[in-house]
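Chemist: Take a look at this one; I'll ask things after.
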Amino acid sequence: MTGTSMDGLDLAYCHFRVEAGKWSHEVKAAECVPHPKKWKLRLENLVLQNAVTYLKTDTFFGHYIGNTVNEFIQKHDLRDDIDYIASHGQTIFHQPEKLLTSQIGDGAAISAVTGIPTVCNFRTVDVALGGQGAPISPIGDLHLYTDYDFFLNLGGIVNVAARTPKGMIAYDISGCNLLLNKFAEGLGHEYDQDGILARSGMVDYALLEELNNSWYFEKEYPKSLSAGWVSKIILPIFRKYPIPTEDKLATVVEHIAFQVSKNVDIICHNENIAKTPDMKMLVTGGGAFNSFLVERMQERTPSLKIEVPDEVTIKFKEAIIMAFIGILRVRGEINCLSSVTGANRDSIGGELYY
């Protein structure tokens, strides 16, 4: 898995078991391999390049993923134990309203380099069926993390998922680490560790109000976002406010906490979910390490118990779920939920290369 923050390639070697329709899993090995600087630059700028460069990058990135997987396999001595590889790839274009989504990292190249069957391109069938193609992880939330009512992923984009009487729903809420990391980098940090920088700042309420008034937040779900929305819609708002970077970070944290709370209320209202003291939200993704952000979300959402799990789950939940989605594809079972994406039916997504 490589996400919108483009910081590296997450690899997880997982075992799955199903008994009487109930799934369980175990992570045997996992690590994040940071993208070399040249790859991060190529990925960040690919949206501006021509079609030939796009296709070449798709192929070469597939070979890069395959070689990285081979190194992971050798490091953990896994050669004889792997059934298949499930690869999400890197999202470059995501415009479901135009029936368009693209994740690069050619699955044929991955399979050729590793000699292992590879499943990829999980989103395209759903988009062809009129869905958002995102989020796709709620199928994993549904089957693998059954103790929770809500799920929050604090990645480059923050998205929410929830169990409802009618099934799973999920959608993107706003930018997250795409914003936090950008402002932290401006202060010489790769990211805002524990939210220390944001905690030292002051919320600019005029900026906060303008952020919260963006058109996307009034749009009904299902809906989804891309990195391009953050760079084209949200970041220009900050340029209008000549305030210290710490204050921008504090305001981003407050914006995320406000939107999470607001959307929990919206979901409970729309889906007829009664709030009870035992309701729990599982929080994962890199932003889960930002203790200040977690504190602000809990203070703004007292109706839920927000739980931050073990480090492996925080870092690799999306990679684990990609493996699970791959399993369902190989088994010919539904792996994308129309209740989440708005497609006209559930689907079995993914291309399989032998």
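The values are calculated or read from the model by the stated rules, or taken from the named source; none is laboratory data. Model, not experiment: these values are computed from the prediction. So basically every Cβ, Gly included, is an ideal-geometry build from the backbone, and we count neighbours across all protein chains shown.
Chemist: In the set Ile334, Ile321, which member is in contact (Cβ under 8 Å) with a residue 40 or more places away in the chain and part of a helix (DSSP H, G or I)?
Modeler: Ile321
Chemist: Also: For the range 67-81, give me each residue that is surrounded by 11 or more Cβ atoms within 10 Å (Cβ to Cβ) and either in contact with an Asp or Glu (Cβ under 8 Å, 6 or more places away or on another chain) or outside any helix (DSSP H, G or I) (or both).
Modeler: Across the range 67-81, the qualifying residues are Phe72, Leu78.
Chemist: Next question. Check Gln103 against each of (1) in contact with a Lys or Arg (Cβ under 9 Å, 6 or more places away or on another chain); (2) polar (S, T, N, Q); (3) farther than 27 Å from Val125 by Cβ and name the one condition it does not meet.
Modeler: (3)
Chemist: So, in the range 83-97, exactly how many residues are over 23 Å from Pro34 (Cβ atoms) and modelled with pLDDT of 95 or more?
Modeler: 2
Chemist: Additional query: Name every residue in the range 6-35 that is more than 22 Å from Ile157 (Cα to Cα) and not in a strand (DSSP E or B), in order of residue number.
Modeler: Listed by number, the residues that qualify are Ala20, Gly21.
Chemist: Given (1) surrounded by fewer than 14 Cβ atoms within 10 Å (Cβ to Cβ); (2) assigned to a helix (DSSP H, G or I); (3) touching a residue at least 24 places away in the same chain (Cβ under 8 Å), where does Leu46 come up short, assuming only one miss?
Modeler: (1)
Chemist: A follow-up question, please. What residue, among those in the range 295-337 that are among the hydroxyl-bearing types (Ser, Thr, Tyr) and over 20 Å from His88 (Cβ atoms), is surrounded by the fewest Cβ atoms within 10 Å (Cβ to Cβ)?
Modeler: Taking the candidates together, the pick is Ser303.
Chemist: I would also like to ask the following. Given Val294, Val340, Val312, which one is touching a helix residue (DSSP H, G or I) at 6+ places or on another chain (Cβ under 6 Å), part of a helix (DSSP H, G or I), touching a residue at least 12 places away in the same chain (Cβ under 8 Å) and not hydroxyl-bearing (Ser, Thr, Tyr)?
Modeler: One residue alone meets the criteria, Val340.
Chemist: I would also like to ask the following. What is the residue count in the range 88-140 for residues that are over 29 Å from Tyr216 (Cβ atoms), among the polar types (S, T, N, Q) and not in a strand (DSSP E or B)?
Modeler: Residues flagged as over 29 Å from Tyr216 (Cβ atoms), among the polar types (S, T, N, Q) and not in a strand (DSSP E or B) within the range 88-140 amount to 2.
Chemist: Shifting gears a bit: So is Leu41 in a helix (DSSP H, G or I), modelled with pLDDT under 95 and out of contact with any strand residue (DSSP E or B) (no Cβ under 8 Å at 6 or more places or on another chain) or not?
Modeler: yes
This table checks each residue for (1) in contact with a Ser or Thr (Cβ under 6 Å, 6 or more places away or on another chain); (2) buried (at least 24 other Cβ atoms within 10 Å of the Cβ); (3) of a type in the set (S, T, N, Q); (4) assigned to a helix (DSSP H, G or I).
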residue: Val158; (1), (2), (3), (4): yes, yes, no, no
residue: Arg163; (1), (2), (3), (4): no, no, no, no
residue: Leu180; (1), (2), (3), (4): no, yes, no, yes
residue: Glu190; (1), (2), (3), (4): no, no, no, no
residue: Asp194; (1), (2), (3), (4): yes, no, no, yes
